[in-house]
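One structure below.
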Amino acid sequence: MRAGLILLLFLAAGCAPAGEPDPPETPGEEARTLTVENIASGPYGPQERGIMLAPDAGSLARAAGVEVPDAGEGVYAGAFWGERRTGGHTVRFESAILEGNEVTVRLSLRAPGPGDIVTQALTHPYAVAVIRDVEPSGLRFRFVDQAGRELDWPVRTVP
């Protein structure tokens, strides 16, 4: 019995933290799903691949050279896929999640399948969306495709 008690004390001592105790855990900010509203898309956007973020429709329209309807408050985001050799390519905003100071935006990038009949012309597909209930200042925006792979597209904030 005495050996069992000594073993129990030894095991309990091994579980105790050494040195300074860990600071108390503070609950992290939970991820919050943001409302994303697709408001424009087309086959002929800017030629360069990239993302533009703007505080309003007019600023994004001037910077990107595409029509952007005013859809009220929010961050206006444009996703520009760059040059494609045929028609049939589409870009769409799927979702946005705010976690801490990072917004992860998921895009759907669709290319025509083998055997699809498409226009034989150079296109520059794009999409524009409004991300509601968030301000771009102080946030890091990260863009991923439909499979969750990080997109290495340049991101530009338009004043």
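Structural remarks
- The string of couplings for the stretch 142-159 from the Karplus curve (6.51, -1.76, 1.60, θ = phi - 60°) is 10, 10, 10, 8, 4, 8, x, 7, 4, 8, 8, 6, x, 10, 10, 9, 9, x Hz, one whole number per residue in order, with x for Gly and Pro.
- Projected label distance in nm at Ile117 and Leu139, using a 7 Å step from Cα toward the beta-carbon: 4.3
- With the convex hull drawn over the C-alpha atoms of the stretch 28-150, the volume per residue is 104 Å³.
- In sequence order, the stretch 75-81 has phi-based couplings of 8, 8, 10, x, 10, 10, 7 Hz under the Karplus curve 6.51 cos²θ - 1.76 cosθ + 1.60, θ = phi - 60°, and Gly or Pro positions carry x.
- Note that the stretch 70-137 shows a convex hull volume over its alpha carbon atoms of 107 Å³ per residue.
- For Val103, distant residues with modelled amide H under 5 Å away: Arg140, Phe141, Arg142
- For Asp56, the amide hydrogen comes within under 5 Å of the amide hydrogens of Tyr76, counting only partners 5 or more places away or on other chains and with H modelled in the peptide plane.
- Long-range HN-HN contacts of Ile39 with modeled amide H, under 5 Å: Val128, Ala129, Val130
- Hz values of 3J(HN,Hα) by residue in the stretch 44-55 - Karplus curve (6.51, -1.76, 1.60), Gly and Pro given as x: 10, x, x, 6, 8, 5, x, 10, 10, 10, 9, x
Computed from the coordinates by the stated procedures, all read-outs in this text should not be read as laboratory data. All values reported here derive from a predicted model rather than from experimental measurement. No Cβ is skipped: glycine too gets one built from the backbone with ideal geometry, and neighbour counts run over all protein chains shown.
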